[in-house]
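Input: a single structure, listed below in structure tokens.
The values are calculated or read from the model by the stated rules, or taken from the named source; none is laboratory data. These figures come from a predicted structure and were not determined experimentally. Every residue, glycine among them, receives a Cβ derived from its backbone with ideal geometry; neighbour counts consider all protein chains shown. Side chains are part of the model used for accessible areas, which takes the heavy atoms of the whole protein and leaves out ligands, DNA and RNA. Shrake-Rupley method; radii C 1.70, N 1.55, O 1.52, S 1.80 Å.
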Amino acid sequence: MAELTLGKALGAGLRQAMRDDDKVVLLGEDIGKLGGVFRITDGLLDEFGATRVIDTPLAESGIVGTAVGLAFRGYRPVVEIQFDGFVYPAFDQIVAQVAKLHYRTQGRVKMPITIRIPWAGGIGAAEHHSESPEAYFVHTAGLRVIAVSNPEDAYRSLRQAIASDDPVIFFEPKRLYHHKGEVDLDAPLADAAPMGLARVVREGRDATLITYGAMVATALQAAEAAQDEGTSLEVIDLRSLSPVDYDTVAASVRKTGRVVVAHEASREAGVAAEVIASITERCFEYLESAPLRVTGHDVPYPPAKLEKYHLPDLDRLLDAVDRVLDRPNSLTGAEA
């Protein structure tokens with residue numbers, strides 16, 4: 001086992017994928033000599049050369065369009081979008097080409113493209129650098145959407161995404177890039193949990209707290225705090241946002257009967273809304289109270305000095321837990 005930051009684990013995953021398959025190529029802005037703005041690709045240019053680690057112009061639509069052409073020719077492109085808010089110029093290529101070409105060609109063409117996106121807030125960044133656009137891609141048929149929360153999962157899931165014949169939108173919580181954890185670099189990839197499975201990261205009996213990405217750490221903090229007051233929370237890391245592992249989710253909900261779903265993205269038509277709707281369809285007779293969402297507010301991402309008021313925190317999560325347990329709480333309104 002090696003102790004790696006999440007960023008280093010991603011770099012190790014890329015390196016191993018490129019060693020395993022010489023058809024894996026990387027494209028992105030400043031990913032070569034600089035090693036990427038977050039240094040995820042640091043050292044890969046020296047090992048694999050400029051024909052496989054390709055510095056591109058500042059043109060996200062062109063980067064993804066080039067990846068589509070490479071996929072047609074049998075390559076496995078891995079695209080780095082420098083920041084989450086920069087993905088929008090590539091949106092047409094992703095939803096109109098990447099997501100549809102396999103279906104459009106009746107399976108004759110595969111699109112084994114992985115699009116890595118440093119994602120979400122918490123780093124005090126400027127406008128367009130702290131977006132949470134996952135719902136757009138979850139809504140798009142033909143894409144897998146993955147959101148990792150720890151170094152081991154980042155290493156494994158990225159290698160699985162690159163090896164998959166499906167196009168994968170791969171969200172990396174940038175505020176966790178420097179967080180450390182143990183990573184087994186030697187375990188066979190076949191032994192890893194499938195890319196689409198959710199994970200119960202803490203077992204509990206009183207309520208289920210469902211989330212993903214950087215919010216998993218916040219949810220675990222909330223579970224620890226709730227335990228001090230005698231409340232047992234089960235925490236689920238979705239890991240995959242499309243498809244969602246509803247078997248794991250439903251098993252937990254049927255046990256606890258109470259649900260809180262949390263994410264950084266805005267509330268309206270977000271991932272939490274879909275998860276709660278699906279839980280209600282599958283588990284209605286088991287629910288003891290209405291499920292609640294704890295999310296970012298329905299506003300453009302705020303300036304750095306205000307983001308702490310936007311991001312769901314420990315207090316907002318615990319307040320929602322109190323409400324699904326029919327306890328008095330300090331927040332007002334329909335949802336936290």
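Determine whether the range 89-103 contains at least one residue that is assigned by the TED database to the domain that holds D21, surrounded by 24 or more Cβ atoms within 10 Å (Cβ to Cβ), touching a residue at least 12 places away in the same chain (Cβ under 8 Å) and among the aliphatic types (A, V, I, L, M).
yes
Quickly run through the range 24-34 and pick out the residues that are buried (at least 18 other Cβ atoms within 10 Å of the Cβ) and assigned to a loop (DSSP other than H, G, I, E, B).
E29, I31, G32, listed by residue number.
Looking at the range 262-280, which of its residues are over 14 Å from the mean Cα position of the chain (by Cα) and either under 12 Å from T211 (Cβ atoms) or surrounded by fewer than 22 Cβ atoms within 10 Å (Cβ to Cβ) (or both)?
Selection gives S266, R267, E268, A269, A273, E274, V275, I276, A277, S278, T280.
Test of understanding: among D55, D22, which residue is farther than 22 Å from P118 by Cα and at pLDDT 95 or above?
Residue meeting the stated conditions: D22.
For the range 304-336, what are the residues that are at pLDDT 95 or above and assigned to a loop (DSSP other than H, G, I, E, B)?
L311, P312, D313, L325
Being at positive phi and modelled with pLDDT under 95: is that true of G49 here?
When the stated conditions are applied, G49 does not pass them.
Here are A222, A269: which of them is at pLDDT 95 or above, in a helix (DSSP H, G or I), of a type in the set (A, V, I, L, M) and out of contact with any His (no Cβ under 7 Å at 6 or more places or on another chain)?
Criteria check complete, one pass: A222.
Checking the conditions here, which among V253, V294 is in contact with a Pro (Cβ under 6 Å, 6 or more places away or on another chain) and of a type in the set (A, V, I, L, M, F, W, C)?
Result of the check over V253, V294: V294.
Quick grid of which residues meet (1) open to solvent by 10 Å² or more (accessible area, probe 1.4 Å); (2) part of a strand (DSSP E or B); (3) closer than 19 Å to L185 by Cα; (4) outside the structural domain of D153 (by the TED database):
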position: G13; (1), (2), (3), (4): no, no, yes, no
position: D22; (1), (2), (3), (4): yes, no, no, no
position: G36; (1), (2), (3), (4): no, no, no, no
position: T41; (1), (2), (3), (4): no, no, yes, no
position: D46; (1), (2), (3), (4): yes, no, no, no
position: T51; (1), (2), (3), (4): yes, no, no, no
position: V79; (1), (2), (3), (4): no, yes, no, no
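Restricting the range 229-239 to residues that are at pLDDT 95 or above and surrounded by fewer than 18 Cβ atoms within 10 Å (Cβ to Cβ), which is farthest from E264 (Cα to Cα)?
Across the range 229-239, the extreme among qualifying residues is G230.
Rundown of residues vs (1) outside any loop (DSSP other than H, G, I, E, B); (2) open to solvent by 10 Å² or more (accessible area, probe 1.4 Å); (3) on the phi > 0 side of the Ramachandran plot, yes/no style:
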site	(1), (2), (3)
P57	no, yes, no
V68	yes, yes, no
Q82	no, yes, no
R108	no, yes, no
H128	no, yes, yes
V145	yes, no, no
D166	no, yes, no
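Does the range 175-215 hold any residues that are touching a residue at least 60 places away in the same chain (Cβ under 8 Å), open to solvent by 10 Å² or more (accessible area, probe 1.4 Å) and in a helix (DSSP H, G or I), and which are they?
L176
Would it be correct to say that G230 is in a loop (DSSP other than H, G, I, E, B) and within 18 Å of D322 (Cβ to Cβ)?
yes
Please give the number of the condition R116 fails out of (1) open to solvent by 10 Å² or more (accessible area, probe 1.4 Å); (2) basic (K, R); (3) touching a strand residue (DSSP E or B) at 6+ places or on another chain (Cβ under 8 Å).
(1)
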